[in-house]
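Scroll down for the structure; my scribbles are underneath it.
Quick note: the coordinates plus some simple rules give every number you see, no bench work behind them. Predicted model, so just to flag it, every value in this text is computed and none were measured. Ideal geometry is used to build each Cβ from the backbone, glycine not excepted, and the neighbour counts take in all protein chains shown.
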Amino acid sequence: MIAGAQGIAERRSFGIEAFAEAASPPGEPIPHFEFSTDDVHGPDQFDAWRHNFAPMLELTPEGETPSAFYGRQVIWDLGCLALASISTEGLNFASLPGHVRRDPLDHWMMTLFLDGGAETDAQEKSFQGGPGAVQVHPLGRQFVGHVSDSQMLMMFVPRDFCRELASSVGAAEFSTLDGGMGHLFADYVTGLARRLPSLSVTDIPGLAAATRAMILACVAPSADRMVEARTHIAGVLLERARQFINANLYDPQLNKEALCRKLGISRTRLYRLFEPTGGVMRYIQHRRLVDAHRALADPGDTRRILEIAEQRGFNDGAEFSRAFRREFGYSPSEVRSRGMGDLPAKPGSDLSEALPEDRLGILLRRLQG
């Protein structure tokens, strides 16, 4: 490594430290959580950093496992989005194959490099970017790469954040946004990170709306960012499938065969479309559980928990409770007893109780759409 931990530390003045310095907000601050390998015993530092990213990436060292490794992050829980400010020494990364996790993440990861850069090899293309460039990675697809000693801002955008974004961001997958609009988006993300420490949770809805508008404006399809036609067609089919599932969540006949008939495709192609999200039926169950969470969080919905579960295809209350807890980390009754809000509207409170190196994974799984 050319710079190493000392070099990264010397550049903190415009990195994470700069984003942490701001006036306190007038209301409840937006939840943020820090993790640094400085707090880990030297020989275990790289393993702790690897564990931190394990839900979305497999990290490997550039050579032999180092006896010491510097990495630090601050993550902000924005309810429907997540933003992370990260400093790291150089390493290799790879997306997780579908079989590694039962519920693989399928967010878009939009990375702005403040310093350093990365190179990525996907199945059909390679791309790279340095300071000021925004790279777009879909966590549900296969890729490998290398990042140098770097400081970066990572925005995690769930596919359900805005359906209008699906085709725009999908067309920019595996690319570097380094044109005029890409620079505009980089400026927005940098400004957002600097303002977050002074914002409160009441600012989140406006922040989400502004971010959605910026993504739509700056990450629009263009000839130089379009993926090959077959990949784009697959993206359109997947979005049609998601819309059909959301419109028929309560239909007991919603299954693989119904989707194949609706889309006019074979079961093999359907399996390939949903492989990154753990399979067709896994995705359908996830959407039903998210919908059940919203019903349970609605103070105007006074139905019994079992009635809500049965409407969404769960005829066994114990089975529903187990699936719900696996999905969200708490029970259906806790949603009502604690008055938890709708999933995309409010940051969670579970992160403060988790181990620092587990928080990023917990947050990303909660955003899963």
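For an R0 of 30 angstrom, estimate the FRET efficiency from the Cβ-Cβ distance between Met281 and Ser337 and round to the nearest 0.05.
Values: r = 30 Å, r/R0 = 1.00.
The formula returns an efficiency of 0.50 here.
Just to verify a number: FRET efficiency for Asn92 and Ser198, C-beta to C-beta distance, R0 = 22 Å, to 0.05?
The formula returns an efficiency of 0.05 here.
Given a Förster distance of 35 angstrom, what is the FRET efficiency for Glu28 paired with Asp316, based on the Cβ-Cβ distance and rounded to 0.05?
Details: r = 38 Å, r/R0 = 1.10.
The pair Glu28/Asp316 has a calculated efficiency of 0.35.
Using each residue's phi in segment 148-154, evaluate 6.51 cos²θ - 1.76 cosθ + 1.60 at θ = phi - 60° and report the 3J(HN,Hα) Karplus result to the nearest Hz, with x for Gly and Pro.
In residue order, the calculated couplings are 7, 3, 8, 10, 8, 10, 10 Hz.
Taking θ as phi - 60°, what are the ³J(HN,Hα) couplings along segment 286-299 by the Karplus curve (6.51, -1.76, 1.60), each to the nearest whole Hz, with x for Gly and Pro?
4, 5, 5, 5, 4, 5, 5, 4, 4, 5, 5, 7, 7, x
Between Arg326 and Gln123, what length comes free when the chain is fully extended (0.36 nm per residue of separation minus the Cα-Cα distance, one decimal in nm)?
69.9 nm
Along the Cα→Cβ direction, 7 angstrom out, place labels at Glu257 and Asp39. What is the inter-label distance in nm?
Result for the modelled spin labels: 5.3 nm.
Given H placed 1.01 Å from N in the peptide plane, which residues other than close sequence neighbours of Phe143 have an amide H under 5 Å from its amide H?
Amide H neighbours of Phe143, under 5 Å, 5+ apart: Ser95.
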